[in-house]
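A short write-up of the structure that comes next.
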Amino acid sequence: MGKTTFIWDFDGTLVESYEAIEDVLTLLYQVYDFPFNRDFVMSYVIETSIGQLLRDLSQEHNISFDELLSFFNKEQEARDHMISLMPGAKAVLEQTAEMEIQHFIYTHKGASTGAVLKNLGIDAYFTEVITSANGFKRKPDPEAVTYLMEKYQLDKANTYYIGDRRLDAEVAINAGIKSINLREPASALNQKINQLSDLLALFMIK
């Protein structure tokens with residue numbers, strides 16, 4: 001049996017960052033003079049993705065997607081100091097690492113992800129961190145996950161993508177690995193958890 005591997009999403013999974021994201025999106029809507037419905041926008045981002053929201057805005061207002069994405073990424077990085085760890089995140093990383101579970105990250109967040117991980121004191125737990133700066137196709141395309149699987153010869157049967165949105169469950173399914181998700185309902189293809197500490201019980205860590 002191959003080694004157990006966790007590939008983590010970042011925002012909303014390992015870290016509390018939706019306050020910063022909401023701050024950036026509020027500013028983006030103000031700067032570009034888009035009508036802003038906070039509840040709709042934040043629900044839409046959680047249900048789909050920031051990328052999809054920006055694509056929608058690009059088409060609706062005839063503004064370059066790359067311009068909107070660049071604005072978002074720049075303003076998000078300026079708010080990296082607002083990011084904090086999700087409850088139980090460090091303990092889960094520490095205890096699973098002791099069991100020789102290996103950890104990776106695949107996130108749409110940009111190149112500042114590494115600095116955030118270091119500032120939060122968890123960078124040493126991750127073998128490799130894939131961000132939007134690596135240039136892989138965005139989730140739910142499995143390109144980045146496939147890259148990790150092939151590079152590190154990961155066992156599909158024992159590799160899990162951990163996230164908090166449908167997009168995260170979909171990238172796991174598309175890559176042929178297992179999904180663990182904080183929001184998506186349990187199914188044949190996804191294990192629902194309510195908090196990160198549930199991972200310890202799932203993997204029989206007392």
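Rg (Å, one decimal) plus Dmax (Å, integer) for the alpha carbons of the chain?
16.9, 55
Within the set Lys118/Lys178; Lys109/Lys139; Lys3/Lys192; Lys3/Lys178; Lys90/Lys118, which residue pairs have Cα atoms separated by over 20 Å?
Over 20 Å apart, Cα to Cα: Lys118/Lys178; Lys3/Lys192.
Which value, in debye to the nearest 20, describes the size of the charge dipole of the chain about its Cα centre when Lys and Arg Cβ atoms bear +1, Asp and Glu Cβ atoms bear -1, and nothing else is charged? Intermediate results must be reported in sequence, preceding the final value.
Numbers: 19 positive and 30 negative charges, 115 e Å.
So the dipole magnitude of the chain works out to roughly 560 debye.
Of Glu100, Glu128, how do they rank once you tally other Cβ atoms within 10 Å and put the fewest first?
With the sparsest Cβ surroundings first, the list reads Glu100, Glu128.
Run the numbers for Arg79 and Glu150: contour at 0.36 nm per residue of separation, minus the present Cα-Cα distance, in nm.
Answer, rounded to one decimal: 22.2 nm.
Any read-out appearing in this document is the output of simple, stated calculations on the displayed coordinates, not a laboratory observation. Note that the structure is a prediction, hence the values are computed from the model and not measured. Cβ sites come from the backbone with ideal geometry, for glycine too, and all protein chains shown count toward neighbours.
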